[in-house]
1. For ILE245, work out the one condition from (1) surrounded by fewer than 13 Cβ atoms within 10 Å (Cβ to Cβ); (2) touching a helix residue (DSSP H, G or I) at 6+ places or on another chain (Cβ under 9 Å) it doesn't fulfil.
2. Quickly run through segment 277-290 and pick out the residues that are touching a residue at least 40 places away in the same chain (Cβ under 8 Å) and either surrounded by fewer than 13 Cβ atoms within 10 Å (Cβ to Cβ) or assigned to a helix (DSSP H, G or I) (or both).
3. For segment 248-259, give me each residue that is over 14 Å from ASP237 (Cβ atoms) and loosely packed, with under 13 Cβ neighbours inside 10 Å.
4. With the requirement that a residue be open to solvent by less than 20 Å² (accessible area, probe 1.4 Å) and touching an Asp or Glu at 6+ places or on another chain (Cβ under 7 Å), what does segment 174-201 give you?
5. Mind checking which residues of segment 114-145 are assigned to a loop (DSSP other than H, G, I, E, B) and open to solvent by 30 Å² or more (accessible area, probe 1.4 Å)?
6. Go through (1) touching a Pro at 6+ places or on another chain (Cβ under 8 Å); (2) modelled with pLDDT under 90; (3) surrounded by fewer than 16 Cβ atoms within 10 Å (Cβ to Cβ); (4) not basic (Lys, Arg) for GLU12 and report which single condition fails.
7. Quick one: would you say SER303 is of a type outside the set (A, V, I, L, M), free of Cβ contacts under 8 Å to residues at least 40 places away in the same chain, closer than 22 Å to ASN228 by Cα and open to solvent by less than 80 Å² (accessible area, probe 1.4 Å)?
8. Of the residues ARG293, ARG269, ARG315, which is open to solvent by 20 Å² or more (accessible area, probe 1.4 Å), free of Cβ contacts under 8 Å to residues at least 60 places away in the same chain, basic (Lys, Arg) and closer than 30 Å to SER164 by Cα?
Amino acid sequence: MDVVSTAEVPPEEGFAFWREVSSKLWVPYDTRCERRVERAFRAQVDISQLGSLQATLMTTMVHSVHRTPKLIRQADPEVLKLGCIVRGGGRITQDGRCTEFGVGDLLLFDPSRPYLAGFAPDVPGSQQLLLLRFPRSLLPLPHRDVRRLSAVRIPGGKGVGALSSHFLMQLARRMRELSPSDAARLSTVTLDVLTAALANALDARSGVPPHTTRRALMARIHAFIRENLGDARLAPDAIAAAHHISLRHLHKLFHEEGHTVAGWVRERRLEQCRRDLADPGLAYRPIGAIAARWGFASPAHFSQVFRGSYGLSPREFRRQCTETKELCADT
């Protein structure tokens, strides 16, 4: 994970610095903002490479970018960009379409053709956008069809758009937690989620390979489970209902990956508990409270399954982590 921020330069140089960063990180833009904003402009971008996809989480004050024909002639990397608004909103114009978008909405745009985009000026504070940049050739959909989706809002509040949006919002929240191996594994599932969302928007599901559709569904199911780990009522029937599939089909999907639904949920809960127990900042929190936070209703059951997975009781594990940290501090 790399982080670039205007905090690295004096306040009066913030916008000029951001203009240069934007052009090098994505493509050359004509970047503008109001003079009153420019005098105190602040922005930050967190960058993670997910295989062939570049994921950037941009936190910024209001500004606009114009991808002009002249700038396209100077540099055309033949990539596509898909944005998901995490906080705030904005507007984009491309191919004769002008679209407003808000939190959770997905939006595709093509840097090989002119466009004008900007954040909503009436939203107070900084705004946040998750931006995925990937080679056009990676998308298994006909280019002529994809072009129909430029500057078309894919609502993040219903249907497949909502499931895809949920996955991307989780990615935005957890980017800083990803190890290099996590990021590499996420490359394929992220692209599959995008493909499913775009194909659904085109009403062209038959053009999407079956394995892509299945992986996209699994990615959304995994994201849903992670979001709801703390709910003790999370069960296979609730997961199946949330994704409009049969319970039998859900079990089949997990069986094909060598897991059971309940087993996969339990493993994720144990991972979160293990992380919290190892966190010195949570040493004050009772073990039973940590277990309950991640969906274990019974402390005794939690202790049993934790020992079965890690070979230590939760209390022994926490003590071992504390002793290791104290030893490292003394050396």
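1. Against the list (1) surrounded by fewer than 13 Cβ atoms within 10 Å (Cβ to Cβ); (2) touching a helix residue (DSSP H, G or I) at 6+ places or on another chain (Cβ under 9 Å), ILE245 comes up short only on (1).
2. Kept after step one, since they are touching a residue at least 40 places away in the same chain (Cβ under 8 Å), are these residues of segment 277-290: 277-278, 280.
Within segment 277-290, LEU277, PRO280 meet the criteria.
3. Quick first cut of segment 248-259, residues over 14 Å from ASP237 (Cβ atoms) only: 252-253, 255-259.
Matches in segment 248-259: LYS252, HIS255, GLU256, GLU257, GLY258.
4. Within segment 174-201, MET175 is the sole residue that qualifies.
5. Across segment 114-145, the qualifying residues are PRO114, PRO121, ASP122, VAL123, PRO124, GLY125, SER126, PRO140, PRO142.
6. For GLU12, the exception is condition (1).
7. Against the criterion (of a type outside the set (A, V, I, L, M), free of Cβ contacts under 8 Å to residues at least 40 places away in the same chain, closer than 22 Å to ASN228 by Cα and open to solvent by less than 80 Å² (accessible area, probe 1.4 Å)), SER303 qualifies.
8. ARG269
The values are calculated or read from the model by the stated rules, or taken from the named source; none is laboratory data. It should be emphasised that the depicted structure is a prediction, and the values quoted were computed from it without experimental measurement. FYI the Cβ positions are ideal-geometry reconstructions off the backbone, even for glycines, and counts take in every protein chain you see. For accessibility, only protein heavy atoms count, side chains too; no ligands or nucleic acids. Shrake-Rupley method; radii C 1.70, N 1.55, O 1.52, S 1.80 Å.
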